[in-house]
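For reference, the structure is listed below as structure tokens.
What follows is calculated from the coordinates using simple rules that are stated; it is not laboratory data. Note that the coordinates shown come from a computational prediction; the quantities given were computed from them, not determined experimentally. FYI the Cβ positions are ideal-geometry reconstructions off the backbone, even for glycines, and counts take in every protein chain you see.
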Amino acid sequence: MFLSRALRSSCRSLHTVTLFPGDGIGPQISESVKKIFDAAEVPIQWEERQVYPILEPNGKTRIPDDAVESIFKNKIGLKGPMRTAIGKGHVSLNLTIRRTFGLYANVRPAKSVPGVITPYSKEGVDCVIMRENTEGEYSGIEHQVVPGVVQSVKLITRDASRNVAEYAFQYAQDHGRKNIVALHKANIMKMSDGMFLEQCREVAARYPEINYREMYLDSACLKIVSDPSKFDVMLMPNLYGDIFSDLTAGLIGGLGLAPSGNMGKDGIAIYEAVHGTADDLVEANKGNPTALLMSGLMMLRHMGLKSQADKIEAAVLETLTERKVITGDIGGTATNPEYADEICRKIRG
Amino acid sequence: SGINAEYREFQTFQHYFKQINLRTMLRRISSPAVSIGRAAVSTSAVPRTKYGGKTTVTLIPGDGVGPELAESVTTIFKEMAVPVEFEKIELNREQMKDEGSFDYAIKSLKRNGVGLKGVINRSADFRHHNLEFRGGLDVYANVVRCMSFEGIQTHHTGIDLIAIRENTEGEYSSLEHESVSGVVESLKIITQEKSMRIAKFAFDYAREHNRKKVTCIHKANIMKLSDGLFKACCKEVSEDYPMIEYEEQIVDNTCQQLVINPQQFDVMVMPNLYGNLVSNLAAGLVGGAGVVPSKSYGENIAVFEPGARHTWMEMKGMYVANPAAMVLSSAFMLKHLQLHEAGDLLIKAVNNVLNKRSCLTIDLGGNASTHDMTKAILSEVEHLA
């Protein structure tokens, strides 16, 4: 009876998660993630799908139907790095995925990794960037007014601003974060960033226990490189979020270590590694799976599988601190599978 | 009566002769070349007043701690007897409501051709005035040089980069409208003319200052037409300067590289918004808003101001701001006015004070006041002179 109950509960809690291995080192690091999740006995079964751009006759780009269906069914996905062909008229694949699933909020935590020493390791970085993911400067609306004069439109809507603000405050509450600062340039872009701030303030009023303030983006740049420990959750529109999240990734050691999650409507959540495809590392299988793995851990926590996530994280941090079996981008010589095996060894104890 | 007249004439002549002699004698006595039994008085302790040859420069202290920083500069200039006269224009939040005072500031700058300013806070109901300064005067190139100071503890050392920012267009066009309720459009304008102009300025500047590399910072992967145009203009101009290395970098990667390996950067040229971010970031890397000066150039005008533009309203009136940035900017202004001796002396003095850590304001980890720093700079000037 005990056995059947265990079996029943394991069947009940076996989650199906979509996996987009991606290009370049993508498939290789995805293998590592699957291996490590297996070692930690994570109750996940993977549904792998390929993603590539399909250019439609009307000029729009879309991704394969089976990939789309899989996400709509499973709601949760993990995505590797993807290549966008230049000059073939495609919109970037990342952008297409964002639009297809309505991914409106991008969450990029940046936490100092033990074993990866940067000039900022001493005071320690532990911040989260919340970036509006659908509009802003990435509207793609540009035109040449007269030869030699180009206009690019930055779009800010009340709805999109409110959505990301609401997610940010909810996330802060769920994760015990006490401070949210909205970064903006409303002194210059009075109406657009002004509207963004207005929505942030309205949502902030509903979360009185969270300390909300606003800061000019340039001020934030100045302060974060002096003392990043003073920053907690940061909320901002699209372009600033893109730039700033790369900045914070740099503070902890680079994009090879930075996880990222994207929230869509109806509970869709796609976690991804934000680094590139690193084609030069494919042959020797020397890519670093840490970013994809950390994104996977974010995913596990989102799904409520906290204990497995903690177990894997402890093994990863121990491996990184020892600095014996680590990949080339952080100063070691191990290959991707060697690094993954070391982590599995530590998980199994 | 004939003889009397002659005698009277002679007496008058004698009188005048004596007077002349007396005057000559007096002049000789007071001449510094001769000391008659008095201790030799060194003239360098009290600089002589120079008559004529004074340049008038517009001074706009601005808001927040601006007036305190301006005071520091005027004090130093007075003590050093620099032949510069300031036409001070109070332009702050209250005055901005009056169009007249703003127009007067622009006229003054146009007339004098050289200005020293703090930061002006945008008033709620008016267009952004820092921008108007750029636009009305077409001060199109903002140059911020970020160099590590030995005496300031930062996370990185050995930085020496120059951020050149296009100052008149781009995202700062202030063209916004709410087309439909809840949907706001903000226009970013990039023109070929201004992009070529700033690119040429950057390469000329690099050549003049013996710099080896110019990096164009952009986001043309996303903003294909606008930043694409900017990038293309930089590339075209680079071909005229084969001895200077040229590269392009996407702005998010730049920000990452700046915190990982900032020593790789030399001269950077970029549109308005990225320039704002990168110059603030780089300023933060070398010590903050209190120590980084900047120079801005137009066709016939030069404006000098602190590199990271922050008014620090909370500390207004408390005299805790670090005037080093403002003083360095004023020193660059002196050099621009061909007053190289005074300019170089002042630059060296400020650098010494910062490197020897002889005076630490709040931003440098101490609790000295603005006055203390001013005094420290002045005593270093005296020491070096």
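Taking Cβ atoms as reference points and 10 Å as the exclusive limit, the residues near A:Gly254 contribute a net charge of -2, counting Lys and Arg as +1 and Asp and Glu as -1.
Is segment B:244-298 best put as rounded, prolate or oblate by its Cα gyration tensor, with a ≥ b ≥ c the root eigenvalues, rounded for a/c under 1.5, and otherwise prolate when a/b is larger than b/c, oblate when not?
Working: a/c = 1.58, a/b = 1.16, b/c = 1.37.
Oblate shape, in that a/c is at least 1.5 and b/c is the bigger or equal ratio.
Taken along the Cα-to-beta-carbon direction at a fixed 7 Å, the label points for B:Asn221 and A:Glu31 span 2.6 nm.
Backbone phi angles across segment B:252-265, fed through the Karplus curve with coefficients 6.51, -1.76 and 1.60 (θ = phi - 60°), yield HN-Hα couplings of 5, 5, 4, 5, 5, 4, 5, 8, 9, 9, x, 5, 6, 8 Hz in residue order; Gly and Pro are listed as x. For B:Asn121, nonlocal amide neighbours, meaning residues 5 or more places apart or on other chains whose placed amide H falls under 5 Å from its own, are B:Asp63, B:Arg93.
Would you mind checking A:Lys286/A:Lys306; A:Lys111/B:Lys188; A:Lys286/A:Lys324 for any pair whose Cα atoms are more than 24 angstrom apart?
A:Lys286/A:Lys306; A:Lys111/B:Lys188
Shape verdict for the protein assembly as shown, please, from the Cα gyration tensor: rounded (a/c under 1.5), prolate (a/b greater than b/c) or oblate. Provide the component values of the computation, followed by the final result.
Working: a/c = 2.67, a/b = 2.24, b/c = 1.19.
Verdict is prolate for the protein assembly as shown.
Excluding same-chain neighbours fewer than eight residues apart, the aspartates and glutamates reachable from A:Lys35 by a Cα-Cα span under 14 Å are A:Glu338, A:Asp341, A:Glu342.
Estimated from helical segments only, the mean residue ellipticity of chain A at 222 nm is -13000 deg cm²/dmol, where each DSSP H run of four or more residues counts as -39500 (n - 2.57).
Report the net charge of residues surrounding A:Asn74, where surrounding means a beta-carbon distance below 13 angstrom and charges are Lys +1, Arg +1, Asp -1, Glu -1.
Details: positive: A:Arg49, A:Lys73, A:Lys75, A:Lys79; negative: A:Glu47, A:Glu48, A:Asp66, A:Glu69, A:Asp266.
Charge balance in the 13 Å sphere: -1.
Classify segment A:233-287 as rounded, prolate or oblate, taking a ≥ b ≥ c as the square roots of the eigenvalues of its Cα gyration tensor: rounded when a/c is under 1.5, otherwise prolate if a/b is larger than b/c and oblate if not.
Values: a/c = 2.72, a/b = 1.46, b/c = 1.87.
Taking the square roots of the gyration eigenvalues as a ≥ b ≥ c, segment A:233-287 is oblate.
DSSP beta bridges fully contained in the protein assembly as shown are about 50 percent antiparallel.
Exposure proxy ranking for B:Cys234, A:Cys344, A:Cys221, based on other Cβ atoms within 10 angstrom of each Cβ and starting from the fewest, stands as A:Cys344, B:Cys234, A:Cys221. With a simple spin-label model that places each label point 7 Å from the Cα along the Cα-to-Cβ direction, the separation between B:Met315 and B:Lys88 comes to 2.1 nm. Among B:Glu208, B:Glu185, A:Glu41, A:Glu47, a tally of other beta-carbon atoms within 10 Å of each Cβ gives an order, fewest to most, of B:Glu208, A:Glu41, A:Glu47, B:Glu185.
The alpha carbon centroids of segment B:206-261 and segment A:146-212 are separated by 30 Å.
Can you check what the net charge comes to around A:Ile36, using other residues whose Cβ is under 15 Å from the Cβ of A:Ile36 (Lys, Arg +1; Asp, Glu -1)? Present the calculation step by step, with values, prior to reporting the outcome.
Numbers: positive: A:Lys34, A:Lys35, A:Lys311, A:Arg345, A:Lys346, A:Arg348; negative: A:Glu31, A:Asp38, A:Glu41, A:Asp310, A:Glu313, A:Glu318, A:Glu338, A:Asp341, A:Glu342.
Charge balance in the 15 Å sphere: -3.
For segment B:289-385, the residue among B:Ala325, B:Ala302, B:Leu346 whose Cα projects farthest onto the positive side of the dipole built from Cβ charges is B:Ala325. Separation of the alpha carbons by more than 28 angstrom is noted, of A:Lys230/B:Lys88; A:Lys60/B:Lys200; A:Lys154/A:Lys178; B:Lys235/B:Lys295; B:Lys78/B:Lys316; A:Lys34/A:Lys75, for A:Lys230/B:Lys88; A:Lys60/B:Lys200; A:Lys154/A:Lys178. Counting neighbouring Cβ atoms within 10 Å and putting the fewest first, the residues A:Phe196, B:Phe265 line up as B:Phe265, A:Phe196. For segment A:251-265, 3J(HN,Hα) computed residue by residue from phi via the Karplus equation (6.51, -1.76, 1.60; θ = phi - 60°) reads 5, 9, x, x, 5, x, 10, 9, x, 7, x, 10, 9, x, 6 Hz, glycine and proline entered as x.
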